[in-house]
Amino acid sequence: MAEDPSLLECPMCSFSVLPSDDYVLQLHFEQVHTTDSPFKIKDDPACLPPSSTIALSSNRSKHAHTVEASDDISHSSVECPVPDCGECIPLNDYNDHLDLHAAATLSFDETTGKYHSQQTATMHGPTAAITSMGNTKLPSFVEQHFNTAVPDALRRNEDGARKLKKKKRGRNDSSGSEKSTISRSILSFNPFAKYNKIVKPPVSTVRLGKKELGPHAWEERMPQWLYDQLTSGPKITVVNRIGRDGRLIKQEQVQNETPGVIPILAQLSALDRSVERAYYCHPSTIHIGKTPREGGFCGYRNIQMLVSYIQGAKAQGHEEFPGRTPGILKLQDLIEEAWDKGINTIGRQQTGGIRNTRKYIGTPEAQALFLSSQIDCGVQMFNDSPDGQIIAHDALFAAIETYFAQAAVKDGSNVCKTLLPPIYLQYEGHSLTIVGLERRKNGAHELMVFDPMYSTSPAMHRLIGRKSIKNSRPEVLYAYRRGARQLQRHAAFEVLMLTAHPPLFPAWDV
């Protein structure tokens with residue numbers, strides 16, 4: 001029975017919501033109590049060999065005490081409805097996820113002089129109802145830049161949201177009860193991290209489940225079509241460009257890679273009058289997104305973005321990555337080889353091995369790969385303090401600004417163009433690559449990130465290569481900004497920084 005008579009209660013279990021959140025209750029019922037629901041995350045039987053069903057059952061039985069606590073993720077997440085996405089999205093992030101999909105399709109209409117998104121139309125239908133579940137106090141990307149005309153009845157009542165938060169806090173007696181933490185904290189087992197406190201030994205070395213490793217935590221091999229797709233690599237096309245000297249040159253374009261984004265972001269930050277100070281990393285860092293239908297390989301894609309810096313800047317370890325950016329299957333091999341060398345080996349016990357699978361990876365695997373390649377790196381964690389005096393995302397902002405400020409050169413501009421490496425950022429369920437930071441005149445901070453979940457928008461492609469943008473483009477910047485509104489949902493963050501001295505050459509002038 002619900003603890004409050006005003007709450008709507010699931011007829012099958014103790015799950016309850018406010019009356020204004022009836023759609024959340026419908027999603028919960030579909031995912032948890034309906035066997036053929038399109039919203040329910042299922043293991044793809046095609047990804048397992050015939051003999052693996054028995055092995056999977058025995059593994060679940062063997063580790064029942066672990067799986068029971070960690071595999072139940074369906075009640076709080078839903079598969080993204082956008083074609084070719086394939087991501088499993090926490091309900092709390094669903095609103096922002098759809099907004100960022102809209103931002104990734106942003107383009108500029110020459111005839112009207114306005115921006116538009118291909119996915120704006122979807123916000124008028126069922127997606128609009130799902131979007132109304134979000135707790136955001138600020139208007140979404142679509143609401144800010146387009147006329148959605150969503151009826152008031154579909155919009156979530158903010159007073160109801162605050163009441164629900166209050167009720168949850170009362171039941172759990174914790175002001176941070178709704179925040180997520182990192183399931184596989186590197187602090188629990190990493191012997192290479194340097195901290196001012198003793199690192200405790202791992203609590204457990206048993207096999208982890210879906211909560212930590214994603215919906216495919218128990219698969220022994222990814223589907224053959226996906227393996228073939230990753231083996232083939234992204235599509236590469238050759239286009240003709242006119243060089244600075246007027247001659248025709250041939251240029252390769254990789255399907256999911258976009259170089260040249262950081263110099264454009266720096267220009268756009270300089271044009272935004274609300275930005276007091278901005279910092280950016282080395283401009284050789286490439287935005288690398290996913291390929292169609294591949295699902296959740298964000299950890300690998302972020303490693304690729306750090307490698308793109310190493311390759312482009314010829315930084316420490318660039319000899320280890322000749323040729324093109326290493327693919328996901330190659331990175332899996334490198335991580336397994338790092339475990340063979342004894343680096344963060346508990347990762348193999350926790351995951352059961354990652355080669356040729358879709359299991360999520362995190363900071364431990366990224367660090368193992370770089371250390372195995374003799375590339376200096378360090379990790380740092382930010383947590384909410386029990387007394388509420390330290391807020392994780394505020395501490396993260398401060399640390400990132402300190403990181404970039406150390407290399408800032410005063411040239412009269414409000415944008416500091418550094419040669420520092422980008423930063424790997426991990427929080428529960430997802431990871432990003434930090435390429436910069438903005439501090440606004442009102443004191444607010446926003447991380448500037450490359451998110452591997454999303455491709456580069458046509459609007460950004462249209463700007464790449466330009467040296468003197470005249471007008472601000474807040475619509476374009478939206479896809480790269482992550483502020484307190486998005487990050488305050490998380491009580492813990494981990495960052496991995498490449499710590500070798502950055503190369504010194506005029507990269508920004510090239």
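Fewest first, what order do Ser269, Ser16 take by the number of other Cβ atoms within 10 Å?
Lowest count first: Ser16, Ser269.
May I ask which of Lys250/Lys314; Lys114/Lys470; Lys179/Lys211; Lys290/Lys359 have a Cα-Cα span longer than 21 Å here?
Working: Lys250/Lys314 23 Å; Lys114/Lys470 16 Å; Lys179/Lys211 15 Å; Lys290/Lys359 15 Å.
Exceeds cut-off: Lys250/Lys314.
Note down the magnitude of the dipole of region 186-509 about its Cα centre, charges +1 on Lys and Arg C-beta and -1 on Asp and Glu C-beta and zero elsewhere, to the nearest 20 debye. Present the calculation step by step, with values, prior to reporting the outcome.
On the way: 39 positive and 30 negative charges, 173 e Å.
With Lys and Arg at +1 and Asp and Glu at -1, about 820 debye.
Kindly put Trp218, Trp225 in sequence by how many other C-beta atoms sit within 10 Å of each C-beta, fewest to most.
Arranged by neighbour count, lowest to highest, Trp218, Trp225 become Trp225, Trp218.
Roughly what % antiparallel, to the nearest 5, for the DSSP beta bridges in region 186-509?
That works out to approximately 95 percent antiparallel.
Can you sort Lys410, Lys235, Lys211 so the residue with the fewest Cβ neighbours within 10 Å comes first?
With the sparsest Cβ surroundings first, the list reads Lys410, Lys235, Lys211.
Take region 340-466, compute every pairwise Cα distance, and split them into 5 Å bins from 0; I just need the percent in each bin.
Here the calculated profile for region 340-466 is 2, 7, 14, 17, 18, 16, 13, 8, 4, 2, 0.
To the nearest whole percent, what portion of all C-alpha pairs in region 422-510 is separated by more than 23 angstrom?
For region 422-510, the share of Cα pairs beyond 23 Å comes to 37 percent.
Report Rg/Rh for region 186-509, rounded to two decimals, where Rg is the Cα radius of gyration and Rh the Kirkwood radius.
So for region 186-509, dividing Rg by the Kirkwood Rh gives 0.96.
What base-10 log of the normalised intensity I(q)/I(0) is obtained for region 461-510 from the Debye formula, alpha carbons as equal point scatterers, at q = 0.27 Å⁻¹?
The Debye formula, applied to the Cα set alone, gives -1.05.
None of the figures in this text is laboratory data; all of them are computed from the coordinates on show. These numbers come from a predicted model, not from an experiment. Every residue, glycine as well, gets a Cβ built from its backbone with ideal geometry; the counts of neighbours run over all protein chains shown.
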